[in-house]
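Every read-out reported here was derived from the displayed coordinates using simple, explicitly stated rules and does not represent laboratory data. Small disclaimer: the values here were computed from a predicted structure and weren't measured.
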Amino acid sequence: MSVSVDEAVLLRDISLGGRRGRRALDELYRYYASRFLAFYRRRGVSEFDREELCQDAFIKIVRSCREAEDIHAPRAWLWSVARSVMLDYFRRRSDEALPLWQEESDVDWEESLNLQDCVDKQFARFAARAPEAAQAISWAVIEGFTAVEIADMLERSPGATREYLSQVRKKLRQALAVCRDYLTQQ
């Protein structure tokens with residue numbers, strides 16, 4: 001488990017530049033780079049392009065935080081930069097469409113090794129069908145973002161985001177129902 005960071009302080013230090021700014025950028029990178037890379041991977045970006053997008057995101061963060069007077073929700077702002085960089089990448093690739101999410105072949109649940117395997121496979125299928133929904137759930141559950149922060153990242157109102165998260169949770173529960181069935185068969 002990684003240690004959390006104070007994004008507001010790090011962004012302020014980056015905006016000041018110098019040695020302190022470089023240390024702050026290094027700490028921010030150590031904390032967020034792997035998260036951004038995983039985000040890009042889940043969106044179907046190739047390994048090479050993921051690295052490029054991550055670098056572009058941090059360049060944009062440095063440039064933008066020097067110009068930003070007051071970033072009210074730093075974690076949400078960082079994720080919105082990462083998302084923006086990815087959307088720009090897909091726009092530049094005008095000759096190719098956004099990645100098409102193909103449904104996995106049916107899983108033979110009798111061969112599942114354990115409950116975790118079942119949950120992992122079902123979540124992967126859910127993410128393939130609804131990548132933005134899976135990302136929103138990951139932000140809420142794994143990253144611990146509030147609905148307001150997720151709203152900023154998804155560019156929705158907080159109320160609409162709360163409703164969206166509620167609907168996503170219901171759909172995820174349905175997708176994971178097979179795992180409950182798996183437990184009762186053991």
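Write down the Kirkwood hydrodynamic radius of the range 113-181, to one decimal in angstroms, obtained as one divided by the mean of 1/r over all alpha carbon pairs.
12.5 Å
What is the range 1-97's relative contact order, in percent, from Cα pairs under 8 angstrom and six or more apart in sequence?
Taking the mean separation of contacting Cα pairs over the length of the range 1-97, I get 29 percent.
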